[in-house]
Structures are given as C-alpha cells and as structure tokens.
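See below for the structure under consideration.
The values are calculated or read from the model by the stated rules, or taken from the named source; none is laboratory data. On a predicted model such as this, the values are computed, not experimentally measured, just so you know. Virtual Cβ from ideal backbone geometry, glycine too; neighbours counted across all protein chains shown. Areas reflect the complete protein model, heavy atoms only, side chains present, ligands, DNA and RNA absent. Shrake-Rupley method; radii C 1.70, N 1.55, O 1.52, S 1.80 Å.
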Amino acid sequence: MTALGPGVRRRMLLRSLTVQGSWNYQTLIGTGLAFILVPALREVHAGDPEGLRRALGRHTELFNSHPYLAAVAAGAVARLEADGAPPEMVARFKAAVRGSLGTLGDRLVWLMWRPMAVLLGLGLVLAGAAWWVGAAAFLLVFNALHLWMRAWGLRAGLRDGLQIGATLRSAPFQALGDRAAKVGSALAGFAAALAVAAPGTRPWEWAAGAAAAFLGIVLGPRVRPAAAAAMLLALAAGLVLART
Amino acid sequence: MLSPAQTAAAAVLGGLLALDGTSVAQVMVSRPFVAAALGGVVVGHPAQGMAIGIVLEALHLAVLPVGASRYPEGGPAAVAAGAVYAAAQAPPAAASATLLIAVLCALALEWIGGRSVIALRQANARFAGAPPEGLTPGALARRHGTPIALDFARGAVLALLGVIGVGALLSAADLSGFPPVAPGTVVRLAAVAGIASALRLFGRANYPFFLAGGAAGALVAWLR
C-alpha cells in the first residue's frame, strides 16, 4: 500500500480541469482520466518505469462520466492502485461507476444547476443590473457547486476507494437538484416577464409574450429551430417592406 | 468594423472560450451571454454585447451537452456576434434589424461550431488508446495536449471567420426603410420562448413557481 500525499491530490485536482481535453468517439475521456492519474501512478510505481508505462496504457481505455464527477473515479482508482488492487478489479470498478457518475452529474449540473444559475444572471440583467453583475452572479453561483464537486469528489474517491458507491448515495445531489429546479422555474418566469417588458410595451405584446412563453414550454429544446425560422421570416418580410 | 487588433483579440478570445466549452476548466465563461459581453468588451461596448448575448443565451438554455450528444457551440459564435454587433453601433432606426441579422448569423455560426466539434472529436481518435507497451507520462501528455491545442485553434478560426463574415454582412446590408419595431419584437419574443423552454428541464411539477416568478417579473416591469 502506497500513501498518496496532499501534493498528489492537488496535482490531480488541477489536471482534472482538463479531463475532457482529448474527448474522442473511441475512448471518450479515457485519455483524460489517465492524465489525471499520472501524479498518483508516479508515486505508486516509483522506481518502476515499466510498471508506470503499463498502468498509464491501461487507463487510457474507454471511460466516460460527467466531467465534474470524473474526479470521483480518478480518486477511487488512485486509491485502488495505491492499495495494490489487481488490474482486472480496477477495470471492473471503472466500468461499474461510469454510468452512474454520468447520470448523477448530468441531472444535477446540466439539467438543474446550470440553467438555474444562467436564469439568475439573465434575470438580474433584465431587471436592470449592470452586465457584469449578471455575468458575475452566474459565474459565482455556478462555479460554487462546480468547484466543490471536483474537490469533494477527488477527496471522497481517494478516501473511500471501492466504497465510493455508498458515499455517492448519501451525497445530497437529489435534494440539491430539486431545490435548483424550483428556484430555476421561478427565475424563468421572472426573466420571461422582463424580456417581454420594454418601455412602451403594448397590451398585444404582453399577449404575444404569453403565447411565446407557452410555445417555448411546449417546444422545449426544439425552440431553437422554431425561433430561427420565425426570425428568418421577420427578416424576409422586413426586406420586402423596405423595398416597397 | 473591427480594427485588426480587435479582430485578433476576438479570435484569441474565441479560442479560449472554445476550450472552456469542453476541453479545459468548463467554468462556463463560454456561455453565450458571458461570451457575447466579453466580445463587446473587445470593442469597448460590453452592454451592447450583452444585449445580443441575452437572446443567444435564451435560445441555448435547453441545449444539453449530455454524453456524446451533438449540439451547437455557443462560445466562439457569441464572441464574434457580440463584438460585431457592439462595434456596429447601429442608429436607433436600424438597431433592431441589425440585432435580428446578428442573432441569425450567430445561430448559423453556432451550428458550424457544433459540426467542427464533431469533426475534431473524430480526429482526436488518432490520439486515443495506447500501444501494447504502454505510455510514458510525456507521451500521454502529448496525446492529451495536442487535441487541446487543436481545439483552441478551431475556436480561434471560428471566431475570426465570424467577425469577418458577420462584419462584412452588416456593413453591406442596406437597412434603410426596414420597419423599426417589428424585428425587435420578434427577437424579444424569441428570447421569451427560449427562456420559457427551460421549464421543460425543470419539470411540470414546478409550473406554479414559473407563474409566481412571472408575476414578480411583471410587477418589477410595471414599477420601473
């Protein structure tokens, strides 16, 4: 068993910021995971360059997870390698955790937290705050969770190794996501109303705004092509009117 | 039009924000409303950059980078559109038509950006995996670092082409006689629809919160 010091954890945390740097359709973030593991594997295989080469080669295999939770897997794999776990067990562990780390992170971060933080920034700017206030509010709120997830995940992985599943189940991800969804929904209504409002907004524009909001809710992600088509039509109509 | 120095700065910013989108850090300075404001900073008018950024952000809210999904790329496009729109300083009569054209150009650039991300990820496969004898830390760093450098170059080229292309289009477009109100209303309604589309992410159980937020927003709008 090899002790992994705080220096190793710091270097792994910094490297985790680039985990998706070599994203590809063959091994997804496999190379990125191996890149995070280098400081730990250097300690584990100190004085054994051949062992280090083989271990790094093994860890470039297919892997995927939410990028912020990749640190959980990296920490746990580093723990297993430091404890001398056989390569087959490490490979099985990586295959077992990658699905749940992806689902957990996608739901909390991409579906709930990020839209909520974006809507906070948009709402502030639409309510009259300076551009940098909205941008700073979004970046602070979003990254408070983002950076905590990376640091907590790596620490928990290094500490718990194979037992990380129990730690993940007890983490407050579900409750955090539910609260973010409630706040985000209120902020969406707030920002949508302010986006309709402009000096001299006429009653029909309020009605059109309500209809647009309804359409947006119905269309969901398909709102982009619909909005682009409506704007193209408006452009074409404007060009025709300008020429006549 | 942007000066050569401003164009170069926008290209570098586009490259950095392309990295933030996926490859490095992901602290989300690449979100369209932040990126467009930064594009505005390049030409000295961040608030104008933010104005187009709000619309682009609203239409980007429901885009999810989940797994290996394919999605439009917001950062470099927003930098280019934000910088060009802010630099245009269109007169009030043409402002909303200029905004409409800039938003449409940015959406097209986002689509091109998304396609270029797919192409890069396919090309990155040549750096994937390892030979049977394994990898030294240096070799691994090269396999990981080269795609990051390519991603930066991709974003910079995209922002550069965007600044040149959108700038040329706005300079050439004759917007005299364009109806002044309608384009602005259409853009605002598109933003409203985009913002409301986020509710699909949060779930139907949260509709009452949306309505309460809408009432609060209407009250704020009425009070000011």
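Would you mention how many residues in segment A:150-176 are of a type outside the set (F, W, Y) and within 15 Å of A:Y68 (Cα to Cα)?
Residues that pass the stated criteria total 9.
On the given criteria, is B:R142 more than 7 Å from chain A (Cβ to nearest Cβ), open to solvent by 20 Å² or more (accessible area, probe 1.4 Å) and among the basic types (K, R)? Spell out the reasoning first.
On the way: more than 7 Å from chain A (Cβ to nearest Cβ): yes; open to solvent by 20 Å² or more (accessible area, probe 1.4 Å): yes; among the basic types (K, R): yes.
It is true that B:R142 is more than 7 Å from chain A (Cβ to nearest Cβ), open to solvent by 20 Å² or more (accessible area, probe 1.4 Å) and among the basic types (K, R).
Filter segment B:180-203 down to residues that are touching a residue at least 12 places away in the same chain (Cβ under 8 Å), open to solvent by 20 Å² or more (accessible area, probe 1.4 Å) and in a loop (DSSP other than H, G, I, E, B), then give me how many there are.
2
Of all residues being open to solvent by 10 Å² or more (accessible area, probe 1.4 Å) and either out of contact with any Pro (no Cβ under 9 Å at 6 or more places or on another chain) or outside any helix (DSSP H, G or I) (or both) in segment B:99-111, which is nearest to A:A228 (Cα to Cα)? Just the residue, please.
Checked segment B:99-111; the qualifying residue nearest to A:A228 (Cα to Cα) is B:L104.
Quickly run through segment B:49-77 and pick out the residues that are at pLDDT 95 or above and over 20 Å from B:V117 (Cα atoms).
Once the filter is applied, which keeps residues that are at pLDDT 95 or above and over 20 Å from B:V117 (Cα atoms), segment B:49-77 yields B:G49, B:M50, B:I52, B:G53, B:I54, B:V55, B:A58.
Any residue that is touching a residue at least 24 places away in the same chain (Cβ under 8 Å), open to solvent by 10 Å² or more (accessible area, probe 1.4 Å) and within 13 Å of another protein chain (Cβ to nearest Cβ) - is there at least one of those in segment B:85-92?
Checking segment B:85-92: at least one residue is touching a residue at least 24 places away in the same chain (Cβ under 8 Å), open to solvent by 10 Å² or more (accessible area, probe 1.4 Å) and within 13 Å of another protein chain (Cβ to nearest Cβ).
Pull up segment A:37-65, narrow it to residues that are surrounded by 23 or more Cβ atoms within 10 Å (Cβ to Cβ) and part of a loop (DSSP other than H, G, I, E, B), then point me to the one that is nearest to the other protein chains (Cβ to nearest Cβ).
A:T60
Restricting attention to segment B:59-68, which residues are out of contact with any Pro (no Cβ under 9 Å at 6 or more places or on another chain) and within 18 Å of A:M112 (Cα to Cα)?
Initial filter on segment B:59-68 (out of contact with any Pro (no Cβ under 9 Å at 6 or more places or on another chain)): B:65-68.
Once the filter is applied, which keeps residues that are out of contact with any Pro (no Cβ under 9 Å at 6 or more places or on another chain) and within 18 Å of A:M112 (Cα to Cα), segment B:59-68 yields B:P65, B:V66, B:G67.
Only one of B:A130, B:A149 is open to solvent by 40 Å² or more (accessible area, probe 1.4 Å), within 30 Å of A:T31 (Cβ to Cβ) and not in a helix (DSSP H, G or I). Can you tell me which?
Exactly one residue qualifies, and that residue is B:A130.
All but one of (1) in contact (Cβ under 8 Å) with a residue 60 or more places away in the chain; (2) open to solvent by 20 Å² or more (accessible area, probe 1.4 Å); (3) in contact with a Gly (Cβ under 9 Å, 6 or more places away or on another chain) hold for A:L124; which doesn't?
Only one criterion is unmet by A:L124, namely (1).
Given A:R92, A:R79, A:R10, A:R15, which one is more than 14 Å from every other protein chain (Cβ to nearest Cβ), within 24 Å of B:D20 (Cα to Cα), in a helix (DSSP H, G or I) and open to solvent by 10 Å² or more (accessible area, probe 1.4 Å)? It would help to see each step written out before you state the result.
On the way: A:R92 fails: within 24 Å of B:D20 (Cα to Cα); A:R79 fails: within 24 Å of B:D20 (Cα to Cα); A:R15 fails: more than 14 Å from every other protein chain (Cβ to nearest Cβ).
Unique residue meeting the criteria: A:R10.
What single numbered condition from (1) without any contact (Cβ under 8 Å) to a residue 60 or more places away in the chain; (2) at the interface with another protein chain (Cβ under 9 Å from one of its Cβ atoms) fails to hold for A:Y68?
(1)
Does any residue of segment B:4-22 turn out to be over 18 Å from A:V118 (Cα atoms) and within 8 Å of chain A (Cβ to nearest Cβ)? Give the derivation first.
Taking segment B:4-22 first, the residues over 18 Å from A:V118 (Cα atoms) are B:4-16, B:18-19.
Checking which are within 8 Å of chain A (Cβ to nearest Cβ) leaves us with none.
No; the residues of segment B:4-22 include none that is over 18 Å from A:V118 (Cα atoms) and within 8 Å of chain A (Cβ to nearest Cβ).
Which of (1) at positive phi; (2) open to solvent by less than 20 Å² (accessible area, probe 1.4 Å) is the odd one out, the single condition B:G49 does not satisfy?
(1)
For a quick check of your reading: which helices (runs of 4 or more DSSP H) sit entirely within segment A:116-231 and have at least 2 residues that are within 7 Å of another protein chain (Cβ to nearest Cβ) and in contact with a helix residue (DSSP H, G or I) (Cβ under 8 Å, 6 or more places away or on another chain)?
The helices (runs of 4 or more DSSP H) meeting that bar are A:131-160, A:173-196, A:203-219.
Of the residues B:G177, B:G213, which is at the interface with another protein chain (Cβ under 7 Å from one of its Cβ atoms), without any contact (Cβ under 8 Å) to a residue 12 or more places away in the chain and open to solvent by 50 Å² or more (accessible area, probe 1.4 Å)?
Going through B:G177, B:G213 in turn, the sole match is B:G177.
Please work out if B:I164 is facing another protein chain (nearest Cβ under 7 Å), open to solvent by 20 Å² or more (accessible area, probe 1.4 Å), within 18 Å of B:P76 (Cα to Cα) and not charged (D, E, K, R).
On the way: facing another protein chain (nearest Cβ under 7 Å): no; open to solvent by 20 Å² or more (accessible area, probe 1.4 Å): yes; within 18 Å of B:P76 (Cα to Cα): yes; not charged (D, E, K, R): yes.
Against the criterion (facing another protein chain (nearest Cβ under 7 Å), open to solvent by 20 Å² or more (accessible area, probe 1.4 Å), within 18 Å of B:P76 (Cα to Cα) and not charged (D, E, K, R)), B:I164 does not qualify.
Quick one: how many residues across segment A:51-99 are more than 14 Å from the chain's Cα centre (by Cα) and of a type in the set (S, T, N, Q)? Talk me through it step by step, then tell me what you get.
Step one: of segment A:51-99, the residues more than 14 Å from the chain's Cα centre (by Cα) are A:51-63, A:73-99.
Within this subset, residues satisfying the condition of being of a type in the set (S, T, N, Q) are A:60.
Counting residues in segment A:51-99 that are more than 14 Å from the chain's Cα centre (by Cα) and of a type in the set (S, T, N, Q) gives 1.
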